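The values are calculated or read from the model by the stated rules, or taken from the named source; none is laboratory data. This one's a predicted model, so the numbers in the text were calculated from it and none came from an experiment. Reconstructed Cβ throughout: ideal geometry from the backbone, glycine too, with neighbour counts over all protein chains shown.
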């Protein structure tokens with residue numbers, strides 16, 4: 001038996017059957033960024049997304065209809081982008097956004113389209129999309145990838161140019177709208193493109209992550225399941241109101257990349273780090289466990305937001 005122990009151990013490690021290493025991030029050892037921002041006399045209400053560029057952190061506040069541009073080092077407000085309303089430079093219901101090429105692209109579901117600003121806050125362009133946009137990403141050529149619903153009722157990701165013309169459909173998923181919880185389970189998704197324009201798509205209720213080539217070919221698929229999620233019971237829940245509307249409570253909420261190209265999928269109590277081939281590298285767990293809304297990795301740090309804007313903490317991130 002001793003002769004086969006070592007090969008079996010190697011095999012188990014190769015296929016990932018051993019428990020994953022966990023990175024424990026303690027709030028007591030983090031920097032309270034919210035406290036710093038409030039000391040600089042500006043306040044936010046309901047952060048739905050965060051992005052970064054070389055010098056600044058950007059926060060999308062859906063309640064205020066505003067993107068806040070904040071200096072990375074001083075936590076001082078540089079400027080605001082947009083305001084609540086229905087005008088050309090205003091946001092009704094910003095659902096997601098992306099900072100790219102010195103511009104801010106916002107998917108505004110209330111407007112049923114995309115609004116583009118300079119990072120200084122000037123409106124560049126606005127245009128309607130074929131269905132209410134839910135998630136957005138932008139490549140280096142300023143092609144705008146938008147998730148929505150096709151004319152046949154299937155969730156899809158379409159590509160628009162800067163003039164607002166739909167140039168192609170990148171992906172369409174085979175889950176036709178039936179108006180019930182089953183469709184919501186299969187259609188709610190977020191996505192991001194890596195530096196090679198391959199796309200990672202996360203189905204936030206199915207807890208499924210897929211990677212596609214820049215031509216739309218499926219490269220791999222993984223279930224988002226691990227010991228931390230099992231520990232806290234992160235199964236999605238649905239509520240049907242008297243009006244017949246269906247509300248869901250999601251457990252997976254964010255997606256991004258670190259500087260090495262690792263894929264980071266965030267859930268309410270932490271995250272999962274995948275390499276480019278879909279192998280789990282590490283798990284992230286926060287202590288104490290927080291009801292996280294989003295986090296973003298940048299400059300060797302993790303910025304985590306809880307309770308929409310109740311807590312904003314910055315942790316060191318040194319995984320390579």
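Key figures for this structure:
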| item | result |
| --- | --- |
| Residues of the range 38-65 that turn out to be assigned to a strand (DSSP E or B) and buried (at least 21 other Cβ atoms within 10 Å of the Cβ), as a count | 8 |
| The range 240-263, residues that are part of a strand (DSSP E or B), at pLDDT below 85 and closer than 17 Å to residue 208 by Cα | 248, 249, 252, 253 |
| For residue 77: the one exception among (1) out of contact with any helix residue (DSSP H, G or I) (no Cβ under 8 Å at 6 or more places or on another chain); (2) at pLDDT 95 or above | (1) |
| Test: residue 305 is modelled with pLDDT of 90 or more, within 19 Å of residue 45 (Cβ to Cβ) and either out of contact with any strand residue (DSSP E or B) (no Cβ under 9 Å at 6 or more places or on another chain) or assigned to a strand (DSSP E or B) (or both) | yes |
| Residues of the range 127-148 that turn out to be part of a strand (DSSP E or B) and over 13 Å from residue 110 (Cα atoms), as a count | 8 |
| Residue ID - modelled with the lowest pLDDT, chosen from residues in the range 157-184 that are loosely packed, with under 12 Cβ neighbours inside 10 Å and within 19 Å of residue 216 (Cβ to Cβ) | 174 |
| Selection status of residue 266, assigned to a loop (DSSP other than H, G, I, E, B) and at pLDDT 85 or above | no |
| Count of residues meeting criterion [under 14 Å from residue 166 (Cβ atoms) and surrounded by fewer than 17 Cβ atoms within 10 Å (Cβ to Cβ)] in the range 113-148 | 1 |
| Single residue of the range 286-300 satisfying the filter (surrounded by fewer than 19 Cβ atoms within 10 Å (Cβ to Cβ) and over 16 Å from the mean Cα position of the chain (by Cα)) that is farthest from residue 227 (Cα to Cα) | 299 |
| Leading residue by the ranking (modelled with the highest pLDDT) among those in the range 87-107 that are crowded, with 23+ Cβ neighbours inside 10 Å and farther than 15 Å from residue 138 by Cα | 91 |
| Some residue of the range 71-94 being within 19 Å of the chain's Cα centre (by Cα), outside any loop (DSSP other than H, G, I, E, B) and within 20 Å of residue 134 (Cβ to Cβ) | yes |
| Inter-residue pairs, beta-carbon under 6 Å, first without any contact (Cβ under 8 Å) to a residue 24 or more places away in the chain and in the range 69-94, second surrounded by fewer than 16 Cβ atoms within 10 Å (Cβ to Cβ), 6+ apart | 78/71 |
